[in-house]
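The structure under discussion appears below in the form of structure tokens.
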Amino acid sequence: MTPSIPFLDLVSLHRELKDDLLAVLDQAIDTAGYIGGPLVKKFEEEFAQFCTSRYCIAVGSGTDALRLAYIAGGIRPGDEVITVPNTFIATTESISQAGAHIVFVDIDQKTCTMDPAKLRSFLESGCVREKATGKTRNRVTGRPVTGVVPVHLYGHPADMDAIMEIAAEWNLLVFEDACQAHGAGFHSKKCGRWRMAGSMGTAAAFSFYPGKNLGALGEGGAITTDDPGIADACRMLRDHGQERKYYHDTEGYNGRLDAIQCGFLSIKLKKLPEWNDARRRNAAIYSRLLSGHKQVVIPFEAAWARSVYHLYVIRVNNRDALQRRLAEMGIATALHYPVPLHLQKPYAKLGHGIGSFPVAEHYARELLSLPMFPELTGEQIRSVADAVEIAVASGPMDTRE
Ligand SMILES: *Cc1c(COP(=O)(O)O)cnc(C)c1O
């Protein structure tokens, strides 16, 4: 009988840190330091340094981080912003919230992140670069196309060299959705070195939702950027557009991150490199055990990528059956994500039917996220791999073409 294995374990993660975490709470209560102040500043400096970015602005969530980055970066109402359909809806909700229109391009089969060739082909066949202004315009809608949002999905970076090059040619701002990729690495041929997720685009967004590689004890997020103007604009936007209290330059948002969450995050950030290494070790064990099975496609890690395995996602032909069988064997799994965004209700108005983005659609039918967290033991991973093996061997799993 296989022991029951959770998808994620946020209890043991915090147990060893409990005294330190409680000390943050003590300090906050003793000083009434709830909003702003030294804990926020300290965490922002530490996280900027971790990402090798000049600035970090802590905000209320990853969704806030995306929205504020787009607005501060220069996305204007009526613009079009390009991203992928296989991501969490926050990537696109925030485009709409900035007043812009969503354009999808399909993903690469192997990395499951934005396919630079499809980005290029959308721009070349669907857009014009205006000589006079240098601006890119969608030929069909006539709208300005001003931004692109690669998503570093599951902790694996998008192909940033290619995307940055295309963005430069077409005068597009690049916003990295790094909400699943704290500490991920991309080897830039252009720069001749490894670069950190969140340090390459115009600006990047991170989420500190509890289940992310770096999670708060509640909601949280951050923007990273090297641009001082964008950093200042994000600071204003998260705080009602005020430069100092009750003097407002613009309307903004209540998008601040609590001081106690910043205190918690500073403590947890120290452990992040070790946790990411553990995730990579766990992924390597899974991949070794599962690579022999013809019916199972293990996650691809590009030679230019250092994934931090926020999720370990396999592909199988008969996914729903496998998920059911694993559940019967006490193994929790999840789907990231079961329905591509272009087929979700809020985006029906965009008019993309089934078949519009075939790689993302095919992938959504086959993907399955296995348990993945730093404390997962080798024994647990073997149990999961054994269970997958038993399930696929017992048919009718092997209906793969
Ligand atoms: C988690 C996540 C977000 C949103 O972050 P929240 O903190 O939940 O608002 C955005 N994009 C991706 C890819 C995510 O995984």
Enumerate the pairs (first residue in segment 304-331 and farther than 30 Å from H182 by Cβ; second residue anywhere and open to solvent by 10 Å² or more (accessible area, probe 1.4 Å) and hydroxyl-bearing (S, T, Y)) with beta-carbon separation below 8 Å, excluding pairs fewer than 6 apart on the same chain, so at least 6 apart or on different chains.
-> N317/T399; N318/T399; R325/S394; M329/T2
Picked from segment 154-185 (must be within 16 Å of the ligand (Cβ to nearest atom) and small (G, A, S)), the residue surrounded by the fewest Cβ atoms within 10 Å (Cβ to Cβ) is G183
In segment 349-378, how many are of a type in the set (A, V, I, L, M) and farther than 23 Å from D115 by Cα?
-> 3
Just to be sure, is G198 within 16 Å of the ligand (Cβ to nearest atom), small (G, A, S), at pLDDT 95 or above and touching a Gly at 6+ places or on another chain (Cβ under 6 Å)?
-> no
Residues (outside any helix (DSSP H, G or I) and either in the same structural domain as D386 (by TED's automatic domain parsing) or charged (D, E, K, R) (or both)) located in segment 25-55 | R54
Residue selected from segment 1-24 under the condition at pLDDT 95 or above and assigned to a helix (DSSP H, G or I), by the criterion nearest to I390 (Cα to Cα) = K18
Is it the case that segment 3-20 has a residue that's touching a Pro at 6+ places or on another chain (Cβ under 6 Å), in contact (Cβ under 8 Å) with a residue 40 or more places away in the chain, surrounded by 15 or more Cβ atoms within 10 Å (Cβ to Cβ) and of a type outside the set (D, E, K, R)?
-> yes
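So that you can scan it fast, the table gives a plain yes or no per residue for (1) assigned to a helix (DSSP H, G or I); (2) modelled with pLDDT of 95 or more; (3) within 16 Å of the ligand (Cβ to nearest atom):
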| site | (1), (2), (3) |
| --- | --- |
| R76 | no, yes, no |
| I82 | no, yes, yes |
| N86 | no, yes, yes |
| I95 | yes, yes, yes |
| T111 | no, yes, yes |
| F122 | yes, yes, no |
Could you list, in sequence order, all residues of segment 306-338 that are open to solvent by 60 Å² or more (accessible area, probe 1.4 Å) and under 15 Å from P85 (Cβ atoms)?
-> P338
Only one residue in T92, T111, T52 is open to solvent by 10 Å² or more (accessible area, probe 1.4 Å) and under 23 Å from V339 (Cβ atoms). Which one?
-> T111
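The values are calculated or read from the model by the stated rules, or taken from the named source; none is laboratory data. As the structure is a computational prediction, the values presented were derived from the model and not from experiment. FYI the Cβ positions are ideal-geometry reconstructions off the backbone, even for glycines, and counts take in every protein chain you see. The accessibility values were calculated without ligands, DNA or RNA, using every heavy atom of the protein model including side chains. Shrake-Rupley method; radii C 1.70, N 1.55, O 1.52, S 1.80 Å.
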